[in-house]
Structure formats: structure tokens, C-alpha cells
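Asks: For reference, the structure I am asking about is given below.
The values are calculated or read from the model by the stated rules, or taken from the named source; none is laboratory data. Please read these numbers as outputs of a predicted model, since none were measured by experiment. Note that each Cβ is placed from the backbone with ideal geometry, even for glycine, and that neighbours are counted across all protein chains shown. Heavy atoms of the whole protein, side chains included, go into the accessibility calculation; ligands, DNA and RNA do not. Shrake-Rupley method; radii C 1.70, N 1.55, O 1.52, S 1.80 Å.
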Amino acid sequence: PLAAIVGAVLGAGLGLAEGAAAQITAARLAVQDVDNPAEELVYTLLTAPAVGTLSGAQGPLGQGQTFTQAHIDQGALSYTHDGSETTGDAFTFRVTDGNGGDLEGTFAIALTPVNDRPALDLAGDLQVDEGTVLDLVVTARDPDGTPSLSAQGLPSFAAFTDRGDGTGTLRIAPDYAAAGVYPGLQI
């Protein structure tokens, strides 16, 4: 019967940064039973985390797989976030004592966003013939939002325009007196 499990599921949850990993300790998740030791209190994963991996002593855990309170007590249960732009995750479980007692619960995981570094897609070194015009689209990616772009060190025959959508246009239009190497351009 359900009353055979004494105590409560300590559902303190877990808080960690986006992309991080942490142990789920007995201070965060525990069931106590006066009739059964920790190794007989078996957790069955009803739903796995959606944006991370729950791992036990034998590796990643999926729906229907099990771990025990003893595994938690020994520090063998952990969660690893997949680094996606999310603020929460959870898993649900059922704990049984093998004698007809069971409990169900949800373990919540709060995720703190991290400011990810934007990435810029560039063409590398450019060569432009005098008297021609080159319009080059520059693209930046940032999982945290739409990045703005700017340019520094432009020669007098170049211009840069931020399109406001994570892209920009670099226009290079050298005249016949502009031959040379221009290494100071930064986007």
C-alpha cells in the first residue's frame, strides 16, 4: 500500500546554467521508507527530460528505465542540459518499494540563460580588381537574438551597412589608385 512509503519526495529541484551539468543528490531528490533500504526504493522514469540528459550509474536514462535511491545517495544520478535556449526542464518518475507502495513525482530543473557569443560567417581574404564593385553579404548568428553588425578600419572606397536582420553588406569599390593590401578591416 501507498502508506508503506514513509517520508516525502524531496522535490527541491535543480538550478543550473544553460549547457551545464550537475549531480542530483539526496538533498534534492529522496524518498525514505522505514521498511526498505535505499537500494530497494526503485525509481522508474515515466518521462525523460526534454532538453537534457538524465544519467545514472550505467549511463543515459530513457523512459521506462530505472535507478534507485541508493544510486542517488551515492551521487550516481546527474543531469546535463543540451545547451539550447530554454529556461526549464523536468522529468517525471514513479518510486516503488517492491511491497505495493509507490509514489509519483516531478523533478523540476530551472535553467539560467547564458549570453552566447555570436558567430560571424566571413569569406576570408578578399581580392577586388580596381574599377569593379564587390557587394559581399556578411552573416552573423547569435542564439540569444538578432545581432547587430558594424565595421571598423574601412578604406575610403568601402562602406558597410547593417541590414538589421543579422546580416550586413560590405561594398568595396576601389578606383584605379587604390591598389594595395588593407588588413585593418574589422566587422
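Asks: Which value, in Å³ per residue, describes the convex hull spanned by the Cα atoms of the range 50-104? Numbers along the way, then the final one.
Replies: Values: hull volume 5.1 nm³, N = 55.
Normalising the Cα hull of the range 50-104 by residue number yields 93 Å³.
Asks: Ordered by residue, what ³J(HN,Hα) values in Hz, to whole numbers, does the range 47-52 give under the Karplus form 6.51 cos²θ - 1.76 cosθ + 1.60, where θ = phi - 60° and Gly and Pro are x?
Replies: 9, 7, x, 8, 10, x
Asks: How much length is gained if the chain between SER84 and ASP175 is pulled fully straight, taking 0.36 nm per residue apart and subtracting their Cα-Cα distance, in nm to one decimal?
Replies: Computed gain between SER84 and ASP175 is 28.1 nm.
Asks: Which order do you get for VAL114, VAL34 if you rank them by accessible area with a 1.4 Å probe, largest at the top?
Replies: Highest to lowest solvent-accessible surface, that is VAL34, VAL114.
Asks: Could you give the nm distance between label points at ALA151 and THR92, where each point is 7 Å from its Cα heading toward the beta carbon?
Replies: A separation of 5.5 nm, rounded to one decimal place.
Asks: Could I get the Rg over Rh figure for the range 100-187? Both from C-alpha atoms, Rh via Kirkwood, rounded to two places.
Replies: 1.39
Asks: Of all alpha-carbon pairs in the chain, indicate the percentage at a distance above 20 angstrom. All intermediate terms of the calculation are to be shown ahead of the outcome.
Replies: Details: 11260 of 17391 pairs.
Cα-Cα pairs in the chain separated by more than 20 Å: 65 percent.
Asks: I'd like the FRET efficiency for THR53 and ASP125, computed as 1/(1 + (r/R0)^6) with the beta carbon distance as r and R0 of 41 Å, rounded to 0.05.
Replies: Plugging the Cβ-Cβ distance into 1/(1 + (r/R0)^6) gives 0.50.
Asks: Between ALA76 and VAL114, what FRET efficiency follows from the Cβ-Cβ distance if R0 is 41 Å, with the result rounded to 0.05?
Replies: Details: r = 27 Å, r/R0 = 0.65.
It comes out at approximately 0.95.
Asks: Another question, then. Listed highest first by mean packing, meaning other Cβ atoms within 10 Å per residue, what order do 138-150, 21-33 come in?
Replies: 21-33, 138-150
Asks: Could you please state how large a percent of the accessible area of the range 35-187 is carbon and sulfur, counting protein chains only and using a 1.4 Å probe?
Replies: Details: 4170 of 8650 Å².
Answer for the range 35-187: carbon and sulfur cover 48 percent of the accessible area.
Asks: Right, another one. With a 1.4 Å probe and all protein chains left in place, how much accessible area per residue does the chain have, in Å²?
Replies: 55
Asks: In a GNM of the chain with a 10 Å cut-off on Cα contacts, which of THR169, THR87, THR44 has the highest mean-square fluctuation?
Replies: Result: THR169 has the largest fluctuation of those listed.
Asks: Quote to one decimal, in nm, the extra length available between VAL34 and LEU136 on full extension: 0.36 nm per residue of separation minus the C-alpha distance between them.
Replies: 29.6 nm
Asks: Let me ask something else. What dipole magnitude, in Debye to the nearest 20, does the chain give about its Cα centre under +1 on Lys/Arg Cβ and -1 on Asp/Glu Cβ?
Replies: 140
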